[in-house]
Structures are given as C-alpha cells and as structure tokens.
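In what follows, a single structure is set out as structure tokens and then discussed.
The values are calculated or read from the model by the stated rules, or taken from the named source; none is laboratory data. Keep in mind that what you see is a predicted model, and the values were worked out from it rather than measured. Note: ideal-geometry Cβ built from the backbone for every residue, glycine included; neighbour counts use all protein chains shown. Keep in mind that these areas ignore ligands, DNA and RNA; they rest on the heavy atoms of the full protein, side chains included. Shrake-Rupley method; radii C 1.70, N 1.55, O 1.52, S 1.80 Å.
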Amino acid sequence: MANGGGPACLRLRVVADPATVDPRFMADGPRLDRISEVIARHWPEQIHHADLQQPALIAEVERARAALLEALELTELA
C-alpha cells in the first residue's frame, strides 16, 4: 500500500475474527449459491439511465431485496 495503493476505501483494513461475527453474515458455498439464484431471478442484466426514473425499477429492486433477505433468513432486516 506504499505510495498510495488505490482508493481510500481499499486502504482501510478491518480485522474480523469469524468467532465474533454473527454466523448469519458469514459466506459459505450454499449461501453464495442462494445469493446467486436470487440475483439471476430478480436483478436485471442492465439498467439504462432512463430506467432510473421509473417506478417499476424501484419496485423491482425492492422485490429483489426482499427475496434476498428471505433467502438468507434475514427478513427482520426488511
């Protein structure tokens, strides 16, 4: 990281001991598969600039978020 090393967000180093992290937020193969499935089902391949103003996109993103929280058993975060 000497001589800059990139954006400031990449310079921040946070040590996280897996023993102290809520296991619901730890990634493993099956959890990553569920995330991938939700993205494939609910997230558009592309979002065009004009779509950013469309209420339908907002609704679609909200549905995707709800599906992700459900797949990860985190609905209390909704």
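If the condition is being open to solvent by less than 60 Å² (accessible area, probe 1.4 Å) and assigned to a helix (DSSP H, G or I), then the stretch 69-78 contributes LEU69, ALA71.
Residues in the stretch 10-25 include none that are on the phi > 0 side of the Ramachandran plot, open to solvent by 100 Å² or more (accessible area, probe 1.4 Å) and modelled with pLDDT under 95. The residue pairs whose first member lies in the stretch 28-42 and is under 14 Å from LEU69 (Cβ atoms), whose second member is surrounded by 15 or more Cβ atoms within 10 Å (Cβ to Cβ), and whose beta carbons are closer than 6 Å, counting only pairs six or more residues apart or on different chains, are ARG34/ALA71; VAL38/ALA67; VAL38/LEU68; VAL38/ALA71; HIS42/ALA64; HIS42/ALA67. Considering the stretch 27-68, the residues that are outside any helix (DSSP H, G or I) and not small (Gly, Ala, Ser) include one that is farthest from ALA16 (Cα to Cα), namely GLN54. Whenever a residue of the stretch 51-74 is within 21 Å of ARG24 (Cα to Cα), its partners that are among the polar types (S, T, N, Q), lying with C-beta atoms within less than 6 angstrom and at least six residues away or across chains, give the pairs LEU69/THR75.
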